[in-house]
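First comes the structure, then the notes that go with it.
Just so you know, all these numbers are worked out from the coordinates, no wet-lab data involved. On a predicted model such as this, the values are computed, not experimentally measured, just so you know. Here the Cβ positions follow ideal geometry from the backbone for every residue, glycine too, while neighbour counts run over all protein chains shown.
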Ligand SMILES: Cc1ncc(COP(=O)(O)O)c(C=O)c1O
């Protein structure tokens, strides 16, 4: 079916991985989702990798890699670089297999991911701004100590470990038609793509990247692997400068389409996964739903799997995403007023909210901000209103009281 032996080699490794990883790792659920199926007029299923050990699929590839070289790993330890989930995956797999792990993480990695990595017993070294900087440092440690390097994506055994998700989808939903997968360095989509194309060549594999880190999208457009300067994204797990040469070769054979999505859509997707299906996804894990929200591909009537690749989201980030989602969906209102800095003004404002039976969630009063005209203060209000009409009434009243409303 494929032109080169690489795909067949990865396929045979995937089958091997499928026979060894379940001694330690879970087969994750594939759940039909009524709400998204209605919303998109398709049969939508969620592959819940947020329920995998360590909260993401990454422990699959890490486990199979270390397991495949166990003697060497036990002798010299392993070293890896990661912005978060791969770090936890390697730390977990190493400890499950009795191997010492050193993990280099970028200084921008979320603190809770750093702590989780340490909690699995790995030694954590913080270095650089993005994954690629940390990777250079990890290679240096490898050269100095002789530890085995566990690449997060550009490695056949790691790709094969991630490919076990494809095996599971094939057995859980044999007539699957479309599978939507986040892309970081491309290991996840390469593994899933190979497994599912072997199962059913007609299955459509769609990759998703954030607009601010669209390395595969841009590379595919020009027909060669590019190195980009990514910006920070809510989907921090997929922010890399480039995809691998190995994953590039595999992806060009198994990925049918790639799309990029905005940060707003990623936030909306995290919110909807939580609200509609009680699924906690991190930004990267929400990319497939974000792509559906932006209507990037036609899957009307099709059996579609969205790979929710991880659920390791920082709770302060989640708080902000939820507040924003509630505001976008009209469930809460956020209003900023500029009021005279005089006694009783805040009381008058709150009286109006009370009159309209609004439930206050948060109030901030600031008179020191340099952008505020002297003699004024800013009042930021977050509240639940009984209806959108009431919010409009209330804003009209604030304006009639002489307040500037934003
Ligand atoms: C939650 C999550 N989803 C997707 C990805 C992308 O995986 P890959 O780098 O194999 O493309 C990552 C990478 O770390 C991740 O952490």
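Panel order for 356, 403, 347, by other beta carbons found within 10 Å of each beta carbon, from fewest to most: 347, 356, 403. Within the listed set 380, 257, 133, the residue fluctuating most in the Gaussian network model of the chain (springs between alpha-carbon atoms under 10 angstrom) is 380.
Normalising the average separation of contacting C-alpha pairs (under 8 angstrom, six or more residues apart) by the number of residues puts the relative contact order of the stretch 213-342 at 20 percent.
The distance between label points at residue 107 and residue 119 comes to 2.6 nm (points 7 Å beyond Cα on the Cα→Cβ vector). Ordered by the count of other Cβ atoms within 10 Å of each Cβ, fewest first, 176, 130 give 130, 176.
Taken as Cα centroids, the stretch 334-366 and the stretch 72-120 sit 48 Å apart, rounded to the nearest whole angstrom. Remark: relative contact order (the chain) = 15 percent; criterion is Cα-Cα distance under 8 angstrom and separation of 6 or more residues.
With a Förster radius of 30 Å applied to the C-beta separation of residue 396 and residue 319, the computed FRET efficiency comes to 0.45.
Between residue 380 and residue 342, the modelled labels are 2.6 nm apart [label points 7 Å from Cα along Cα→Cβ].
Give the order of 326, 273, 48, 289 when sorted by the count of other beta carbons within 10 angstrom, beginning with the fewest.
Values: 326 18, 273 26, 48 22, 289 32.
Starting with the residue having the fewest Cβ neighbours, the order is 326, 48, 273, 289.
Using the Cβ-Cβ distance between residue 24 and residue 199 with R0 set to 30 Å, the FRET efficiency from 1/(1 + (r/R0)^6) comes to roughly 0.80. Label the stretch 59-149 by shape, choosing from rounded, prolate and oblate, from the square roots a ≥ b ≥ c of the eigenvalues of the Cα gyration tensor; if a/c is under 1.5 it is rounded, and otherwise prolate applies when a/b is larger than b/c, oblate when it is not. Verdict is oblate for the stretch 59-149.
Would you mind classifying the stretch 332-405 by shape? Square roots of the alpha carbon gyration tensor eigenvalues, ordered a ≥ b ≥ c; an a/c under 1.5 is rounded, otherwise it is prolate if a/b is larger than b/c and oblate if not. Before the final figure, lay out the partial values.
On the way: a/c = 1.96, a/b = 1.74, b/c = 1.13.
Judged from the Cα gyration tensor, the stretch 332-405 comes out prolate (a/c at least 1.5, a/b above b/c).
Highest mobility in the GNM of the chain, judged by mean-square fluctuation with C-alpha springs under 10 Å and restricted to 283, 186, 121, is found for 121.
Once R0 is set to 45 Å, what does the formula 1/(1 + (r/R0)^6) return for the Cβ-Cβ distance between residue 229 and residue 367, expressed as a FRET efficiency to the nearest 0.05? Could you put the intermediate results ahead of the total?
Numbers: r = 40 Å, r/R0 = 0.89.
Between residue 229 and residue 367 the formula returns 0.65.
Below 8 Å between Cα atoms, with a sequence gap of 6+, how large is the relative contact order for the stretch 131-251 in percent? Intermediate values should be presented prior to the final figure.
Working: 179 pairs, mean separation 31.5, N = 121.
Over the stretch 131-251, the number comes to 26 percent.
Annotation: the antiparallel percentage among DSSP beta bridges lying fully within the chain is about 40. Counted residue by residue at 0.36 nm each, then reduced by the alpha carbon distance between them, the extension gain from residue 9 to residue 32 reaches 5.1 nm.
Between 199, 296, 69, the residue with the greatest mean-square fluctuation in the GNM of the chain (Cα pairs under 10 Å linked by springs) is 69.
Where does each of 333-343, 86-96 land if you order them by average Cβ count within 10 Å, highest first?
Values: 333-343: 15.7, 86-96: 27.5.
Going from most to least packed, we get 86-96, 333-343.
Once the chain from residue 357 to residue 143 is taken as fully extended at 0.36 nm per residue, the excess over their C-alpha distance is 70.4 nm. The sum of -39500 (n - 2.57) across all DSSP H runs of n ≥ 4, divided by the residue count of the chain, sets its helix-only mean residue ellipticity at 222 nm to -14000 deg cm²/dmol.
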